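Working notes for the structure below.
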Amino acid sequence: MKQTYAIMLVDDDPIFCHLFTKLLEHYPNALLKTSVFKNGEEALQYFRMHQHEQISLPDVIFVDINMPIISGWELMDFLQSESMELIQKIPIYILSSSISLSDKHKINDYSFINDYLTKPIFKKELFEVIDKCLSGLLPHR
Amino acid sequence: MMLDQLDLDTTLTALKYILDNSREGIVLCDKDSKIRFVNHEAEVLLSVKKNEWYGKGIATLFQNAFDESEQPIKDADVILNSAISKPTAVEKVIGVQQNGEQKKYWFSLRSKKIKGSNDEFTFVFLARVNHYKQQLLDVQEELEDLNQILSSFDDIVLKVDVEGYILNYWCNDPEHLFFPPDDFLKKNIIDLFPPDFTSKILSLIRKSIRDCVEQEMTYQSPFDQPAKKWYKLLARPIKYQTDKVIVIVSDITENVELKEETLVNEQKFHQVFHSSGIGMALFSLDGKTIKLNKKIKETLGYGSDDLGLHFRDFTHPDDIQHSEYLFESLLNGKISSYVIEKRYTHVDARSIPCLVHTCLITDTRQKPLFILAQVQDLTRFKNSEYVLNQQKKELEAAKISLESELNLLMELNHIVAHNLRAPASNIQMLIRQIVGETDANERHKYLQLLDASGNTLLSLLDNLVELLEIQQSSYFPFELCNIEIITEAIKVKLESDINEKSAIIRTDFKEKMVFFPRLFIENIVQNLLSNTLKYDDPNKRLEIHIKTYLLDGKMHLSIDDNGLYTAISNDDGELLDLKKIFHQERNSRPVGLYIIRRKILSIGGTITFDSDPKTGNTLTIQFPLSTPI
């Protein structure tokens, strides 16, 4: 029986969310349950409510940058300023279509971000990331 | 009966009577100066009793005696004895302190030696002369005072007769004389001075004598040494003397030189005043013009005909109060000068900006005399300053415009780097999915998503192109546009959409003409209308109200609709954040708003957008009234 892991995707693009979810359905090493949050605000509300419930927290988080209401970077700021414990425990990836160098370099401002991934993302690259995260090696920044 | 016929006894009796009753004191001494007789008057005068003094020396009567200069006489015996022993009459004045008194009694002593047949004796006649002595002392004192007064003058005083002879002179310092006294006393001035000079002096002297009136002349020394000095000669008549005058010669060289220096200084001031390159005006202490130079005439148009005008009369009304305050401060001694920029009113009513330096002119005792204002016309400077400011504003506007362009370029770069990549990356991922998908239904879903992603990409590209086109419109010229005609033309263009939505469009153009690039005004109206038509509320019949009006002197255009609520605030951060707006492309109204707002702001106008879920949306544009730079 495959072990089940929770993946969180914070992105406002419904097409990408659909594709991302479909991709993870084919992950071979575990059963991945993907939760989609349409913007940073929704994700932040969730974290605030469930940060102390280990069972409710995802195992890996993917966050887009450009989103309405609260952007990806703004969400990172909140997580950092509120010193949420989860950021020390859960691997966090930025997943954006932006190829701007300024965006890519900005992850250096947040020590808890594991990496910057660029859309489009395909099965092989995504599964390697998931493998790393689930192998227990992560998070090690 | 003759005296010679009297007998000796009668004669002696008569003589004794005469001596005793004489009003003059008489003392008779023998040849040894011993007192033999003292008459009654002498007793009174000398406060002696005659019997007590018989046989004593005459000098014993005059103990504590003083000579005329009030010096004590130590050897009265010798002096008196020698005096009375002389055969000729001797007269002497002597002072005596009697009975220990401080007061001196002054006597005139006159002695006369008489020789008889057997003997000789001397009469000493005494008279009290205190009164005359006092007068003499007074005269001496006056003389001394006069000498002191004379010694305080540097003038030469001459007594000259009608013929021109110099009879006497007074001069404190002989150095001041033209000649040694012996060379000019009793000499005629004709023999002393050149003819031209003496003829004038003689004429003056004779006129003074004839008319009994003081006469005066000023002349320069006829001699080279001392070097060409200046003198004033005053011929003054002498009371009761009809043929003489007093001539007073005063050295006035210093005064003349001072006067000449003053004249030169006045001339210099006059020339500087009138030839000055800046305007100069002299004001009396009550603020009225007393002198205006040529430059003032050139600058402000006021000249000599306008003297007497108060400075208020040609000061700009807005500057009068401050000018008066400073003027008063000068007069009160609070300040000695001031420099201000003020405006004067030209004769032709133009306002002339000037730099004015004003100071108080005083005499040597610091008493205020008048006010001097130096006026520099700043018109050219102000014009240059205005031009420079305009150029500065233009440069600042150009800088802002360039910064805006740069920001836009950076934003566009971001849009291309991110927003356009999002649907493009979706398309690529969808194609991979479609290729690997075997289920027909799933493939169909992916194809639908592919179509949506394609549309999104296309829509974003359209918006981007529109943005760039409108950005380009800043290079179109400003012109007067009739907004009513433009709106009607757009309505025709969008007729099918209007009809489809059964939209009601009302217009109210209180102001029809707006100064703006035509292409851009067309673009604004079309963009606003098409957005409104696109985002109508399906539960309401779309109503649009377009109006123009003037508010605070500026043209306003507003479009109200009852369409869908758009959660966009007027906050610049939101309406001007292109990245955010482009990301909301699924409701593209903000894209249009962003484009319009950006353009309006770039040319000096403002734009506000209010959206209310109940009442709908109102967009108001305020156009800049004047031609933007």
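Points to keep in mind about this one:
- Coarse-grained scattering of segment B:208-264 at q = 0.20 Å⁻¹, given as base-10 log I(q)/I(0) from a Debye sum over alpha-carbon atoms: -0.76
- In chain B, taking the dipole from charged Cβ atoms about the Cα centre, the farthest positive-side position among B:SER208, B:LEU402, B:LEU360 is held by B:SER208.
- Estimated vicinal HN-Hα couplings, Hz - segment B:400-406 in sequence order (Karplus 6.51, -1.76, 1.60; Gly, Pro = x): 4, 4, 5, 4, 5, 4, 5
- Total charge dipole magnitude, segment B:436-537, about the Cα centre, Cβ charges on Lys, Arg, Asp, Glu only, Debye to nearest 20: 280
- Modelled this way, with points 7 Å down the Cα-to-C-beta line, the labels at B:GLU70 and B:ASN441 are 16.0 nm from one another.
- Computed per residue of chain A from DSSP H runs no shorter than four, each worth -39500 (n - 2.57), the mean residue ellipticity at 222 nm is -11000 deg cm²/dmol.
- One compactness figure for chain A is 0.97, namely its Cα radius of gyration divided by 2.2 N^0.38 Å.
- Sites B:THR242 and B:GLN148 - FRET efficiency at Förster radius 30 Å, r taken between beta-carbons, to 0.05: 0.50
- Projecting the Cα atoms of B:SER108, B:ASN130, B:ILE73 onto the charge dipole of segment B:24-131 (Cβ charges, centred on the Cα centre) puts B:SER108 farthest toward the positive pole.
- Projected label distance in nm at B:GLU495 and B:ASP612, using a 7 Å step from Cα toward the beta-carbon: 3.5
- Förster radius 51 Å - calculated FRET efficiency between B:LYS399 and A:LEU31 (Cβ-Cβ, nearest 0.05): 0.30
- Of all DSSP bridge pairs formed entirely within chain B, close to 95 percent run antiparallel.
- Paramagnetic label reach from B:GLU266 (point 7 Å along Cα→Cβ; backbone nitrogen cut-off under 17 Å): within segment B:345-371, residues B:362-364, B:369-370.
- Two-site FRET efficiency, B:ALA14 against B:ALA127, from Cβ-Cβ distance with R₀ of 25 Å, rounded to 0.05: 0.60
- Pairs beyond 20 Å (Cα-Cα), from B:LYS50/B:LYS92; A:LYS22/A:LYS123; A:LYS2/A:LYS132; B:LYS493/B:LYS534; B:LYS187/B:LYS244; B:LYS393/B:LYS512: B:LYS50/B:LYS92; B:LYS393/B:LYS512
- nm² value of the averaged projected area, convex hull over the Cα atoms of segment B:400-492: 9.3
- Taking Cα atoms only, the orientation of helix B:440-472 departs from the longest principal axis of chain B by about 30 degrees.
- Per residue of peptide A:11-24, the mean number of Cβ atoms on other chains within 10 Å of the residue Cβ is 5.
- Charging the Cβ of each Asp and Glu at -1 and of each Lys and Arg at +1, and nothing else, the dipole of the protein assembly as shown about its Cα centre rounds to 360 debye.
- Cα convex hull volume per residue for segment B:248-316 (Å³): 118
- Dipole of chain B computed with +1 at Lys/Arg Cβ and -1 at Asp/Glu Cβ about the Cα centre; of B:THR11, B:GLY563, B:ALA422, farthest Cα towards the positive end is B:THR11.
- Stretched out straight at 0.36 nm per residue, the stretch from B:LEU480 to B:SER336 would grow longer than its current Cα-Cα span by 46.1 nm.
- The loop-placed GluC sites (Glu not before Pro) in segment B:83-139, going by DSSP, that have at most 12 neighbouring Cβ atoms within 10 Å of their Cβ come out as B:GLU101.
- Residue-wise HN-Hα coupling along segment B:55-60, computed from phi with Karplus coefficients 6.51, -1.76, 1.60 (Hz; x: Gly, Pro): x, 8, x, 4, 5, 5
- In a simple Cβ point-charge model (Lys, Arg +1; Asp, Glu -1; nothing else charged), segment B:271-363 has a dipole of about 220 debye relative to its Cα centre.
- Separation of the B:ARG210 and B:ASN407 label points, Cα + 7 Å toward Cβ, nm: 10.5
- Segment B:210-266 versus segment B:270-314: alpha-carbon centroid distance in Å: 40
- Summed residue charge, Cβ within 9 Å of B:HIS40's Cβ, Lys/Arg positive, Asp/Glu negative: -2
- When the alpha-carbon atoms of segment B:57-176 are used, the pair Rg, Dmax equals 21.3, 67 angstrom.
- Neighbourhood charge, 15 Å Cβ-Cβ cut-off, centred on B:LYS294 and excluding it, Lys, Arg +1 and Asp, Glu -1: -1
- Between the C-alpha center of segment B:322-374 and that of segment A:1-47 there is a gap of 85 Å.
- Residues whose placed amide H lies under 5 Å from that of B:LYS159, excluding near-sequence neighbours: B:LEU167, B:ASN168, B:TYR169, B:VAL247
- Debye log10 I(q)/I(0) for the protein assembly as shown, one point scatterer per Cα, at q = 0.04, 0.05, 0.07, 0.09 Å⁻¹: -0.55, -0.63, -0.87, -1.04
- Distance histogram in 10 Å bins (all Cα pairs of segment B:153-256, percent per bin): 16, 51, 31, 2
- Its DSSP H runs of at least 4 residues, each contributing -39,500 (n - 2.57), put the calculated 222 nm mean residue ellipticity of chain B at -13500 deg cm²/dmol, to the nearest 500.
- Long-range amide H partners of A:LEU117 with built H, under 5 Å: A:ILE94, A:LEU95, A:SER96
- Chymotrypsin sites (Phe, Trp or Tyr not before Pro) lying in DSSP loop within segment B:509-544, provided at most 14 other Cβ fall within 10 Å: none
- Compactness index (Cα Rg / 2.2 N^0.38 Å), chain B: 2.47
- Here is the list for segment B:88-184: trypsin sites (Lys or Arg not before Pro) lying in DSSP coil, each with at most 14 other C-beta atoms within 10 angstrom of its C-beta, are B:LYS103.
- Quotient of C-alpha Rg and 2.2 N^0.38 Å, computed over segment B:276-377: 1.00
- For B:GLN391, net neighbour charge (Lys/Arg +1, Asp/Glu -1) across residues whose Cβ lies under 15 Å away: +1
- Of the peptides B:271-280, A:109-118, the order by per-residue mean of other Cβ atoms within 10 Å, starting with the highest, comes out as A:109-118, B:271-280.
Every number here is computed from the coordinates shown, using simple stated rules; none is lab data. Bear in mind that the values here come from a model prediction, so they are computed numbers and not experimental data. Note that each Cβ is placed from the backbone with ideal geometry, even for glycine, and that neighbours are counted across all protein chains shown.
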